[in-house]
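Written below as structure tokens is the structure these notes are about.
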Amino acid sequence: MTTITCRYLIFVLASLVFAPAYGLAQGTPEPDGYRTENYRAPTPATLNGARVVTTDVARQIWNDGSAVFLDVLPHAPRPTNLPPGTIWRDKPRLNIPGSVWLPDTGYGALAPVMENYLRANVARISAGDRAKMLVVYCQRACWMSWNAAKRILAMGYPNVAWYPDGTDGWEEAGLPLQESKPEPQPVQ
């Protein structure tokens with residue numbers, strides 16, 4: 001092979017090896033609005049206006065009792081078309097002890113009834129204190145928590161912490177999880 005061909009081949013191979021790492025270093029950019037599809041995908045490293053917390057920081061906040069933890073993982077309801085007598089068992093949700101589970105509030109577009117559900121519950125759990133720290137999470141690589149945290153910021157709550165590793169990071173750190181029940185949702 002000629003020297004030029006050999007250099008070109010080395011360049012192409014190096015590009016293939018290092019391009020994915022370069023792409024990961026660039027990260028996922030924050031969208032202008034809310035993520036409305038493919039919710040289980042890499043999330044940005046930031047959320048404008050929110051504090052992004054690691055598992056260690058989330059644990060410190062949890063130990064201090066200085067915040068309300070909000071789990072926004074969706075919840076599958078009992079199907080309405082099940083034949084009579086069919087046994088239905090909810091899939092258990094293990095979340096950070098003391099959390100409030102507000103399912104289905106992390107979608108990119110919320111029906112007005114769900115937006116009101118989120119707004120009313122955030123007002124209730126913060127006892128009307130807009131400065132109360134709210135730690136929003138679900139699972140790692142899940143846009144639901146990013147969307148919900150962004151929405152809560154837009155509602156005028158300035159002390160929002162987004163915990164992107166969620167229950168996955170919490171469990172990996174050997175921290176306790178407990179079975180949770182979702183806050184009652186409005187009929188849609």
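The values are calculated or read from the model by the stated rules, or taken from the named source; none is laboratory data. Not measured: the values here are computed from a predicted model. Surface accessibility is based on the protein's heavy atoms, side chains included, excluding ligands, DNA and RNA. Shrake-Rupley method; radii C 1.70, N 1.55, O 1.52, S 1.80 Å.
Mind checking which lysines have their Cα closer than 23 Å to the Cα of Lys150? Skip sequence neighbours fewer than 8 apart in that chain.
Lys150 reaches Lys132.
Which percent of Cα-Cα pairs in the stretch 65-165 sits in each 5 Å bin, short to long?
The distribution over the stretch 65-165 is 2, 13, 23, 24, 16, 9, 6, 4, 2, 0, given as percents.
Per Stokes-Einstein, at 10 °C and 1.306 mPa s, what whole-number D in µm² s⁻¹ belongs to the stretch 121-188, with the Kirkwood radius over Cα pairs as the hydrodynamic radius?
In µm²/s, the coefficient rounds to 120.
Anyone know which of Arg130, Arg140, Arg89 comes out most mobile in the 10 Å Cα GNM of the chain?
Looking only at Arg130, Arg140, Arg89, the biggest GNM fluctuation is shown by Arg89.
In whole Å, largest first, what are the principal axis extents of the Cα atoms in the stretch 105-147?
Cα spread of the stretch 105-147 along its principal axes, largest to smallest: 30, 24, 11 Å.
Take the solvent-accessible surface of the protein heavy atoms, probe 1.4 Å, and return the percent of it on the stretch 48-188 that carbon and sulfur atoms account for.
Reported share for carbon and sulfur atoms: 53 percent.
Work the Kirkwood hydrodynamic radius out for the chain: mean of 1/r over every pair of different alpha-carbon atoms, inverted, in Å.
About 18.5 Å, per the Kirkwood formula over Cα pairs.
Work out from phi, with θ = phi - 60° and the Karplus expression 6.51 cos²θ - 1.76 cosθ + 1.60, the ³J(HN,Hα) of each residue of the stretch 108-117, listed in order in whole Hz, and give x for Gly and Pro.
Karplus values, whole Hz, x for Gly and Pro: x, 10, 10, 5, x, 5, 6, 4, 5, 4.
Skip the ligands, DNA and RNA, and give the accessible area per residue of the stretch 37-92 with a 1.4 Å probe, whole Å².
I get 67 Å² per residue for this part.
Can you list residues whose amide H is under 5 Å from Val136's amide H, if they're 5+ apart or on another chain and H is modeled 1.01 Å from N?
HN-HN under 5 Å from Val136: Leu70, Ala161, Trp162, Tyr163.
Can you work out ³J(HN,Hα) from phi for every residue in the stretch 55-72, in order, using Karplus 6.51 cos²θ - 1.76 cosθ + 1.60 and θ = phi - 60°, giving whole Hz and x for Gly and Pro?
4, 4, 5, 4, 4, 4, 4, 5, 4, 6, x, 8, 8, 9, 9, 10, 9, 10
What are the ³J(HN,Hα) values, in whole Hz, obtained from phi via the Karplus relation 6.51 cos²θ - 1.76 cosθ + 1.60 with θ = phi - 60°, for each residue of the stretch 163-180 in sequence order, with x given for Gly and Pro?
3J(HN,Hα) across the stretch 163-180, in whole Hz: 10, x, 7, x, 5, 5, x, 4, 5, 4, 7, x, 8, x, 10, 9, 5, 10.
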